Amino acid sequence: MTKQPITRADKVKRVTYDMRGPIAEAAAKLEAEGQKILKLNIGNVSPFGIMPPPNMVGFMVKNLPAAAAYSEARGLKSAREAIAAWHVKHGVNGVTANDVYLGNGDSELIDIALKSLINPGDEVLVPAPDYPVWNGCTIMAGGNPIHYLCDEANEWQPSLADIEAKINERTKAIVIINPNNPTGALYGKEVLLQILELCRKHNLVVFSDEIYSEVVYDEAKHISTGSLADDLPIVTFNGISKSWRACGYRGGWMTFSGDKEVIKDWIAAVTLLTGMRLCSNVMAQFAMQSAVTDEANSPAALIAPGGEFCLRRDAAYAAFNAIDGINVVKAKAAFYMFPKVDIARFGIKSDKDFVYSLLLAKKVLITHGTSFAYPIHDHFRLVFLPDVETIKGVASAMNEFLRELESGKAKLLSVPN
Ligand code: PLP
């Protein structure tokens, strides 16, 4: 008797995470066959030689014996106090240790925050291009992500008109990703204030994902959304994966600020769900405590002119902007850019096929723009973490590939199912 297949839950059918999807699997297969692949599909810092700060690592190692026990569900009080003080220093008023929740990376906390808030049919405004964890977690929570456009012609700042047009009685929250993945944009005070005004008018919760807050170039300053309003419920997400270069330690935090009274029932549900996962990885909690208290951990030298993050950003911008058929907005922050390809000229109909064919031809793995919910097939995300020479090599491989497409020497192939 043939067995009836056991299939995934319906809600998962709408969830995608293509950065680690079929094209990444094809790349892994090529690697298993002995080919060398340059993997620029995820923002994983240390494989590119930029390591976690030694003081942070030292503090974590020193405290390893104390990390064997479960901590309080929210996290170690000492770490939460340090993080609360750090937020206050960045202008977010009234934050105490009780407002801070520690997690196994931001990803886990995004999931908990949405699961505990969203009812079936609730809508969450998410940027396009997005960071797909927000999209996926909204769907898994039973809600519907609704994408608002960020405007390439305006350095990828959020379109206020589009946000306003998409708010209705089902809208419960808005997600702001600043600094932004995948565009490298940094939002100005004015645009943040205007978004907050819409939230005030429509009674929306603000989710501010600030995981790249310390990676900002050209002496620009990151403004924490929570520092701009004391009267709205604002939840800020940050962690040690990016600014503190420790993606694998799995340490993130989520902080409630502003009007906490109006959301006290939801906060109680957050406490309940964080309790159900007992606590987050305690070693990383020590790392987080050190991250925000010891100035020596800061990436200031890496983002300054001549620092490695900055050099790599500059090299990537110059090399990709010089390619005939590509236009790119220079990243102001983070380690991504979202270049545009002249798809009509190169006969590209599917950005997935473009990225897959580039992988096969040039052994470089990037991520197609539609996997970030960008509506048109004409962008890709560039992770500019490799050293300058490698970045130049990637740009030159991309240039060659486009010329080969133009001349008919290279063909676009479809990703196998
Ligand atoms: N938010 C954004 C915008 C990200 O780019 C990432 C990871 O790339 C995350 C959250 C998740 O980070 P974590 O490693 O803390 O789970």
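The calculated FRET efficiency for Asp387 paired with Lys411, based on their beta-carbon distance and R0 = 45 Å, is about 0.90. Remark: the Val15-Asn93 segment gains 24.5 nm on full extension, using 0.36 nm per residue and subtracting the alpha carbon distance. Taking trypsin sites (Lys or Arg not before Pro) across region 120-229, the ones in a DSSP loop with at most 15 further Cβ atoms lying within 10 angstrom of their Cβ are Arg170, Lys221. Our estimate of slack between Leu30 and Glu295, defined as 0.36 nm per intervening residue step minus the Cα-Cα distance, is 91.2 nm. Give, rounded to the nearest 20 debye, the magnitude of the charge dipole that region 54-297 has about its Cα centre when Lys and Arg contribute +1 at Cβ and Asp and Glu contribute -1 at Cβ. For region 54-297, the charge dipole is close to 840 debye. Largest GNM mean-square fluctuation among Leu64, Leu402, Leu186, using the chain with Cα springs under 10 Å: Leu64. With a/c under 1.5 counting as rounded, go ahead and sort region 1-70 into rounded, prolate or oblate using the C-alpha gyration tensor (a ≥ b ≥ c being the square roots of the eigenvalues; past the cut-off, prolate if a/b is larger than b/c, else oblate). In terms of gyration-tensor shape, oblate.
When the chain is treated as a Gaussian network with alpha carbon springs shorter than 10 Å, the biggest mean-square fluctuation among Ala79, Ala97, Ala68 belongs to Ala68. With all protein chains in place and ligands, DNA and RNA left out, the 1.4 Å accessible area ranks Lys260, Lys349, Lys340 as Lys349, Lys340, Lys260, largest first. Each label point was placed 7 Å from the Cα along the Cα-to-Cβ direction; for Arg277 and Ala165 their separation is 3.6 nm. For region 54-297, the relative contact order comes to 30 percent (Cα pairs under 8 Å, sequence separation of at least 6).
Within 10 Å of each candidate Cβ there may be at most 16 other Cβ atoms; applying that plus a DSSP loop requirement, which chymotrypsin sites (Phe, Trp or Tyr not before Pro) in region 31-88 survive? Don't skip to the answer; put the middle values down first.
On the way: sites: Phe48, Phe59, Tyr70, Trp86; in loops: Tyr70.
Hits after loop and neighbour filter: Tyr70.
The label point for Lys264 and the one for Thr2, both projected 7 Å from the Cα toward the Cβ, are 5.9 nm apart. Under the convention that each Lys and Arg Cβ holds +1 and each Asp and Glu Cβ holds -1, the size of the dipole of the chain around its Cα centre is about 1140 debye.
Among Phe335, Phe384, Phe401, the largest mean-square fluctuation in a Gaussian network model of the chain (Cα springs under 10 Å) belongs to Phe401.
Taking every protein chain into account, the accessible area of the chain amounts to 42 square angstrom per residue (probe 1.4 Å). Report D for region 180-333 in µm² per second (integer): Stokes-Einstein, Kirkwood Rh on Cα pairs, 4 °C, 1.567 mPa s. Here the translational diffusion coefficient equals 73 µm²/s.
Of the solvent-accessible surface of the chain, computed with a 1.4 Å probe over protein heavy atoms with every protein chain present, carbon and sulfur atoms account for 54 percent. For region 263-417, the Stokes-Einstein estimate of translational diffusion at 10 °C and a viscosity of 1.306 mPa s comes to 86 µm²/s, using the Kirkwood hydrodynamic radius over alpha-carbon pairs. Phi angles of region 353-366 translate, via the Karplus equation with coefficients 6.51, -1.76, 1.60 and θ = phi - 60°, into HN-Hα couplings of 5, 4, 5, 5, 5, 4, 4, 5, 7, 10, 6, 10, 10, 10 Hz per residue; Gly and Pro are given as x. The relative contact order of region 73-183 comes to 23 percent, based on Cα pairs under 8 Å that sit 6 or more residues apart. The rule of thumb for compact globular proteins, 2.2 N^0.38 Å, goes into the C-alpha radius of gyration of region 318-381 1.08 times.
Compared with the dominant principal axis of the Cα atoms in the chain, helix 105-115 is inclined by about 70°. Principal-axis analysis of the Cα atoms of the chain puts helix 22-32 at an angle of about 70° to the longest axis. The solvent-accessible area of Val394, taken with every protein chain present and a 1.4 Å probe, is close to 10 Å². Past 21 Å, Cα to Cα: identify those pairs from Lys166/Lys201; Lys189/Lys330; Lys39/Lys242; Lys13/Lys363, in the order given. Those over the limit are Lys13/Lys363.
Contact order, relative form, for the chain: 21 percent (alpha carbon pairs under 8 Å, 6 or more residues apart, mean separation divided by residue count). For the pair Asp231 and Ala397, a Förster radius of 45 Å applied to the C-beta separation gives a FRET efficiency near 0.30, rounded to the nearest 0.05. Relative to the Cα centre, the charge distribution of region 193-308, modelled as +1 at Lys and Arg Cβ and -1 at Asp and Glu Cβ, gives a dipole magnitude of about 440 debye. Solvent-accessible surface (1.4 Å probe) assigned to Glu197 amounts to roughly 100 Å². Per-residue SASA remark: Arg250, around 90 Å² accessible (1.4 Å probe; ligands, DNA and RNA not included). For the pairs Lys115/Lys332; Lys89/Lys332; Lys11/Lys340; Lys77/Lys221, note any where the Cα-Cα span goes beyond 27 Å. Distance filter (> 27 Å) returns Lys115/Lys332; Lys11/Lys340; Lys77/Lys221. Sorting Ile42, Ile366 on solvent-accessible area from highest to lowest, probe radius 1.4 Å, gives Ile42, Ile366.
The values are calculated or read from the model by the stated rules, or taken from the named source; none is laboratory data. What you are looking at is a predicted structure, and each value in this text was computed from that prediction instead of being measured. Glycine also receives a Cβ, built like all others from the backbone with ideal geometry; neighbour counts cover every protein chain displayed. For accessibility, only protein heavy atoms count, side chains too; no ligands or nucleic acids. Shrake-Rupley method; radii C 1.70, N 1.55, O 1.52, S 1.80 Å.
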